[in-house]
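Single-structure report; data block below.
No lab work stands behind these numbers, since they all come straight from the coordinates. Not measured: the values here are computed from a predicted model. Neighbour counts run over all protein chains shown; Cβ positions are idealised from the backbone, glycine included.
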Amino acid sequence: MFDWLLIPGLGSVLAGTAILGFLCGTLGTFTVLRKQSLLGDSISHACLPGIILSFLIFNSKESWVLMAGAVVFGTLASLVVLAITKYSRVKEDSALAITLSVFFGFGLMLLTWVQRRPDASQAGLARFLFGQAATLLDRDVYLLAAIALPCLACVLLFWKQFQLLSFDRSFALSLGINVSFFEILLSILLVLVIVAGLETVGVVLMSALLVAPPVAARQWTNKLGMMTFLAGLFGAISGIAGAIISNLGKTSIPTGPVIVLFISAVVLLSILFAPARGIVWQFLKQWKESGILQLDSVLSNLCNLAKEHSGKQLGHSIAMLKEISSQPAGVSKSISKLREMALVFEVEKGFFIPTKKGETYLLNKTSQMGGSQ
Amino acid sequence: MTQAQLEIQLLAMATSIACSLCGVFLVLRRMTLLSDAISHTVLIGIVLAFFLTGDLSSPWLLVGATLAGVLTVIMVETLQRTGVVREDAAIGLVFPALFSIAVLLISVYSRNVHLDMDAVLVGKIAFTPLPSRRLELWGYDFGPKSLALMIAIIFINLGFILLFFKELKVSTFDPAFSKAMGFTPYYIHLGLVLCVSTTAVASFDAVGSILVVALMSAPAATAYLLTDKLSKMLVWSCATGIASAVGGYWLAHFLDASISGSMATVAGFLFTIAFIFAPKRGLFSQWQLAKMRNRKFKLVLLLVHLTQHEDTMREGEECNIENLHLHLRWDDYISRSIAFQAIDEGCAIDSNKVLKLTPRGRALALESLQLGTNLT
């Protein structure tokens with residue numbers, strides 16, 4: 001059953017994806033909070049021309065040489081997005097889309113030009129697009145760790161500044177913090193993380209790894225520290241789980257998509273079931289409250305009717321209450337519930353009056369409402 | 001130019017026009033990134049439809065892909081409406097997940113089938129003139145199939161835009177007003193999403209998924225920098241799209257590189273030109289405008305300075321061209337050039353190096369002073 005543990009090289013794959021997942025989750029937290037979730041997508045596509053140009057210039061396929069080119073173009077792309085939104089009326093979404101597609105197209109042109117094979121399939125391109133986590137070697141893990149440590153150290157060191165930047169940029173400015181410096185630093189860290197991950201999970205899935213863990217973590221906590229840690233944890237867990245699941249079957253399946261699907265499932269569960277923010281709990285709470293509201297309104301209607309018709313009529317029928325209720329369908333159910341609570345009394349068959357207890361209950365409710373206002 | 005070259009260029013142009021038309025509304029409604037999401041998720045529609053029909057050339061693939069695009073948008077909006085996820089994050093969650101499912105399905109179930117991932121991303125416009133991809137009816141050759149399809153898409157988009165032009169315009173620029181007028185912006189929105197999805201699917205075959213994004217965003221954004229009128233923006237967008245198509249084709253021809261990549265590069269280049277040189281909105285004209293305003297402000301400041309010292313004892317000292325820079329605290333060359341501008345525009349005259357206000361200059365200074373007191 002645990003045969004998969006013996007697959008040669010799985011250790012380094014697990015370590016690599018775990019480090020990458022943790023790193024993406026932590027830095028993704030800041031991009032998601034700053035409403036820049038799709039910046040990662042743009043940057044990761046924009047790295048393609050950088051990789052090819054550095055291959056052309058240095059004529060080397062060493063991963064760190066290609067990575068350096070990718071970092072330069074990734075940073076350039078984030079600056080281009082910033083410039084377009086700052087100096088023209090083109091909005092951020094268009095700026096991101098243009099940067100993403102034009103840089104990528106340019107990269108594609110260079111790639112086909114290098115290989116002199118117009119519109120043909122390229123092994124290198126496939127690797128860039130989808131990554132190859134299964135081929136992670138010890139060497140790659142060391143490189144990942146070498147990128148991860150300074151990035152995480154930066155986050156810890158400038159925690160206060162990044163926190164301010166994520167929640168209240170203008171307050172940060174008023175405190176005299178060099179906001180643009182820290183914004184660019186954050187972008188550079190993001191670029192580094194993306195470039196580190198490209199080889200493992202590829203372009204498309206990189207952006208998911210930056211967005212999904214923070215969104216999942218956000219559902220569980222309101223504290224930034226906890227959120228960052230949880231996002232990292234979720235990222236690391238999905239990295240490990242993805243690597244294991246993709247090696248489980250007889251024929252191995254690509255690791256990147258499995259990681260993304262795993263973290264997507266975590267997000268879905270968090271959005272549905274996280275305490276306080278979870279949709280299911282919110283829905284239940286709403287449902288319960290609307291039941292109580294209905295109960296109160298039926299009781300109050302009955303009290304009003306009894307007051308108006310005191311002496312003329314002993315009780316009031318459900319049909320009568322339905323007539324004046326905003327939600328007639330629930331009236332009979334509310335009446336039977338009220339009878340159980342001994343707040344109304346059936347004087348004759350089908351006719352009801354409020355009890356003393358019912359009147360005091362209603363009085364308490366109204367004074368509570370008055371008090372809270 | 002051979003017939004094959006002509007046909008490839010025609011297809012590139014048709015694709016650009018179809019994308020540019022949709023792109024205008026995407027850019028204006030800040031929905032451009034949905035095209036990115038849609039162009040990725042159509043893959044899952046294609047894959048599922050392929051599993052159902054078992055035929056790569058079945059028209060159901062197009063239907064499946066279009067539906068997948070619409071489904072993506074609906075999923076993003078549902079996620080957003082829960083209130084726990086913002087729009088950008090919602091897009092970033094939905095499309096990678098759907099795309100991952102598609103990639104996994106391909107890798108697990110269709111190892112033996114030719115569903116080429118690279119062709120999906122890069123497109124196969126270069127294969128357009130191949131004999132197997134021609135539309136032949138009643139023994140006549142009607143050109144490449146993909147060209148016929150693309151022209152049909154242009155007509156669908158154009159028809160939608162012309163038919164609902166007023167509704168699109170109102171719901172784009174003032175959604176609340178359009179709701180009040182009873183235009184049901186949601187149906188217009190859905191119609192637009194359907195158009196974008198169909199266009200993305202059809203273009204996808206020709207230029208590949210990521211370059212659909214380029215053709216939907218760059219020409220429309222270029223047009224957005226050139227004009228303020230919706231109808232003109234549509235025309236400019238198409239024109240930029242066509243220029244990118246033709247320019248891209250020849251660039252690819254000379255470099256012997258990917259056509260779709262070159263088209264995106266040219267589209268980006270045209271956007272850059274507009275970003276820098278567009279009249280009124282470009283960087284260059286904004287810089288010039290700022291410079292002009294600065295000079296205009298300094299001129300008024302000089303005139304006000306002159307009114308303060310007009311007919312006083314110190315007039316000869318304060319209003320002397322040689323000394324102006326000391327009193328106004330400007331650089332010497334700036335104060336001289338502003339003084340000459342004042343003389344040129346007939347706001348002051350030079351009498352023995354001392355500036356004297358003309359009635360016109362006095363009126364200008366008083367007007368701006370008046371404006372100042374009114375403001376405070």
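Quick look at the numbers
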read-out	value
Residue within segment B:253-268 that is more than 14 Å from chain A (Cβ to nearest Cβ), of a type in the set (Asp, Glu) and over 17 Å from B:GLN341 (Cβ atoms) present	no
Count of residues meeting criterion [outside any helix (DSSP H, G or I) and either within 14 Å of another protein chain (Cβ to nearest Cβ) or acidic (Asp, Glu) (or both)] in segment A:33-76	6
Segment B:82-95, subset without any contact (Cβ under 8 Å) to a residue 40 or more places away in the chain and within 8 Å of chain A (Cβ to nearest Cβ), residue surrounded by the most Cβ atoms within 10 Å (Cβ to Cβ)	B:GLY92
Only one of B:THR72, B:THR78 that is crowded, with 24+ Cβ neighbours inside 10 Å and closer than 18 Å to B:TYR186 by Cα	B:THR72
Filter pass, B:ILE338 being over 12 Å from B:HIS305 (Cα atoms), under 44 Å from the mean Cα position of the chain (by Cα), of a type outside the set (D, E, K, R) and not in a loop (DSSP other than H, G, I, E, B)	yes
Test for A:THR29: is it within 19 Å of the chain's Cα centre (by Cα), of a type in the set (S, T, N, Q) and part of a helix (DSSP H, G or I)	yes
Matching residues, segment B:275-298, being at the interface with chain A (Cβ under 9 Å from one of its Cβ atoms) and farther than 30 Å from B:SER335 by Cβ	B:PHE275, B:ALA278, B:ARG281, B:GLY282
Filtered residues of segment A:98-113 (kept if touching a residue at least 24 places away in the same chain (Cβ under 8 Å) and within 7 Å of chain B (Cβ to nearest Cβ))	A:LEU100, A:SER101, A:PHE104, A:PHE106, A:LEU108
Among (1) surrounded by fewer than 24 Cβ atoms within 10 Å (Cβ to Cβ); (2) over 23 Å from B:THR265 (Cβ atoms) - the single one A:THR17 does not satisfy	(1)
Options B:THR15, B:THR53; residue that is hydroxyl-bearing (Ser, Thr, Tyr) and within 30 Å of the chain's Cα centre (by Cα)	B:THR15
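Residue-wise test of (1) within 29 Å of the chain's Cα centre (by Cα); (2) surrounded by 21 or more Cβ atoms within 10 Å (Cβ to Cβ); (3) outside any helix (DSSP H, G or I).
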{"site": "B:CYS19", "(1), (2), (3)": "yes, yes, no"}
{"site": "B:ILE44", "(1), (2), (3)": "yes, yes, no"}
{"site": "B:SER58", "(1), (2), (3)": "no, no, yes"}
{"site": "B:VAL63", "(1), (2), (3)": "yes, no, no"}
